[in-house]
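We did not get these values from a lab; they are worked out from the coordinates using the rules stated. Because the structure is predicted, anything quoted here is derived from the model rather than measured. Reconstructed Cβ throughout: ideal geometry from the backbone, glycine too, with neighbour counts over all protein chains shown.
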Amino acid sequence: MASQWHSLVSQKLFLARTLLDDSGTPADAPHSALRQEAALQGATELLLRARRLLLVMVARLYQHRSGEPDNLEALADLVGTEASELGLLQELARQGSSWWNHLEQLEAVQSRPPATKKTVSADNIIAVSAAAGPDRSSAGLRATLDAMKKFADDLEERHSEW
């Protein structure tokens, strides 16, 4: 049963990779920026969906057929706090540079309207750094995708040995 969930997670990750690979394809100039943004946002949404499905996969590995956790707290309620996978995911959530944390940041940015930008004139120019946000580049998303794929594959391999 969990193997079906692993396949679904892998499918979402494959589709995200396909979008990211296509985002670098040259296209006509007026639409290339739009296509690239659509590919980045689409890949981000697929990664977020895959993360949620990964939580369901963990629940199924522990024989919980009902309930689909959508966060770590809900997963802990289902499988208990002693589950090793829960511990691994909680550790990833605490690490600022982990794929889990990167997805948290991307979800926060993608779930809000963009900040309004002030107009620039000679009177109001002040040198400040731009607000730092999560890495939304194709390379950054690919790195998160690869780390997530490795985690899901390792999880499936560990449990399929039984």
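On the basis of the beta-carbon distance and an R0 of 30 Å, Asp154 and Glu37 show a calculated FRET efficiency of 0.40. Placing +1 on the Cβ of every Lys and Arg and -1 on the Cβ of every Asp and Glu, with no other charges, gives the range 74-117 a dipole of roughly 400 debye about its Cα centre.
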